[in-house]
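Engineer: Have a look at this one.
The values are calculated or read from the model by the stated rules, or taken from the named source; none is laboratory data. Keep in mind the model is a prediction, meaning the values are calculated, not measured. Every residue, glycine among them, receives a Cβ derived from its backbone with ideal geometry; neighbour counts consider all protein chains shown.
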Amino acid sequence: MIWGQFIVLWMDFSGIMEDKDFNYCMYCGEKVSAGVTRCEHCGEWLGDNSVSRNHIPNNYVSQERLNNNNMELENPIKKEVIDTKSLKNTKNDSSDNKKNIEYSNAIPIRRLFLLLFLTMGLYGFYWFYKNSCYLRDDLGHDNSPGLRTILLLIPILNIFVFYDLLSKINNNIEKEGIESYSPSLNTLIMIFLGPISIFSFWVFINVQEVINELWRFKQPNLPVRRTFSGSERIVLFFGILLWVIYIFIIFPMLMVISGSV
């Protein structure tokens, strides 16, 4: 009886000593000798908390799972990069489409009036130049828009070039069967009442209304531009500059002169 108990105690003690002689690697889960600093199976260095005495690897993660986690972390980044590139491409495509849109040559009357007013009538020269270009490029007339616009600055000659422009546009309009304006009457109004802004504006608006009908007939599928073009913004800049000079320099000088008189 005593020998039996002694044998049982010896077996328990042997089991405890065996457990103390071995640990388990946290990286591969294999049994390693107690006190070693490097796993003989996977070659990983073992720290103080790198082994488990109960065959339960401390924080053990297999290499396959690590690889999967890395792929999951990389994939969202790649997806985000792809989505960002596609978004940029979409924006670039939309901006390119906006730049490539072809607009009708028609000018909305409200925009024309606003341009004439904000530029103190300076836009009228640009209007003359653009319509001369339309005669050359779209209607097949052989003329020099730049030279004609310069002649518009010369007294007497400006009457003839202005009438010639209105007359040629009128001929093209009448060929399409569209009710037109009188080139002679509008030229006379510009000569005698041109210094009064409201009447010069009326001439441009009256002629432009008929020109718009011509472009609606020739360009039925093209949209009408509702915003200022790049060249119109340049004209606006100089027109607003004229307003600033008039308000802050010319008008105060006129007030001083009238007060002294």
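Engineer: How many residues does region 204-234 hold that are more than 26 Å from residue 186 (Cα to Cα) and of a type in the set (Val, Ile, Thr)?
Structural biologist: 2
Engineer: Given the structure, is residue 203 closer than 18 Å to residue 176 by Cα and surrounded by 15 or more Cβ atoms within 10 Å (Cβ to Cβ)?
Structural biologist: Working: closer than 18 Å to residue 176 by Cα: no; surrounded by 15 or more Cβ atoms within 10 Å (Cβ to Cβ): yes.
So residue 203 fails the test.
Engineer: Inside region 102-176, counting only helices (runs of 4 or more DSSP H) that do not spill past its ends, which hold 3 or more residues that are free of Cβ contacts under 8 Å to residues at least 40 places away in the same chain?
Structural biologist: Ranges flagged: 123-137, 145-151, 157-175.
Engineer: Moving on. Could you count how many residues in region 108-118 are of a type in the set (Val, Ile, Thr) and in contact with a Phe, Trp or Tyr (Cβ under 7 Å, 6 or more places away or on another chain)? Can you show your working first?
Structural biologist: Residues of region 108-118 of a type in the set (Val, Ile, Thr): 109.
Narrowing the set further to residues that are in contact with a Phe, Trp or Tyr (Cβ under 7 Å, 6 or more places away or on another chain) leaves none.
Number of matching residues: 0.
Engineer: Determine, yes or no, whether residue 179 is acidic (Asp, Glu), within 21 Å of residue 120 (Cβ to Cβ) and assigned by TED's automatic domain parsing to the domain that holds residue 137.
Structural biologist: So residue 179 does not fit the description; no.
Engineer: Here's something else I'd like to know. Select from region 208-247 the residues that are of a type outside the set (A, V, I, L, M), within 21 Å of residue 120 (Cβ to Cβ), assigned to a helix (DSSP H, G or I) and touching a Leu at 6+ places or on another chain (Cβ under 9 Å) and list them in ascending order.
Structural biologist: We begin by selecting, within region 208-247, every residue of a type outside the set (A, V, I, L, M); these are 208-209, 212-213, 215-221, 223, 225-233, 237-239, 243, 246.
From what is left, the residues that are within 21 Å of residue 120 (Cβ to Cβ) are 208, 228-233, 237-239, 243, 246.
Add one more test, that the residue is assigned to a helix (DSSP H, G or I), and what stays is 208, 230-233, 237-239, 243, 246.
Listed by number, the residues that qualify are 208, 232, 238, 239, 243.
Engineer: If you don't mind, another one. Go through region 173-183 and report how many residues are within 14 Å of residue 206 (Cα to Cα) and out of contact with any helix residue (DSSP H, G or I) (no Cβ under 7 Å at 6 or more places or on another chain).
Structural biologist: Residues that pass the stated criteria total 2.
Each row is one residue, and each column tells you yes or no for (1) surrounded by 18 or more Cβ atoms within 10 Å (Cβ to Cβ); (2) hydroxyl-bearing (Ser, Thr, Tyr); (3) within 20 Å of residue 185 (Cα to Cα); (4) assigned by TED's automatic domain parsing to the domain that holds residue 228.
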position: 125; (1), (2), (3), (4): no, no, yes, yes
position: 128; (1), (2), (3), (4): yes, no, yes, yes
position: 138; (1), (2), (3), (4): no, no, no, yes
position: 151; (1), (2), (3), (4): no, no, no, yes
position: 154; (1), (2), (3), (4): no, no, no, yes
position: 162; (1), (2), (3), (4): yes, no, yes, yes
position: 166; (1), (2), (3), (4): yes, no, yes, yes
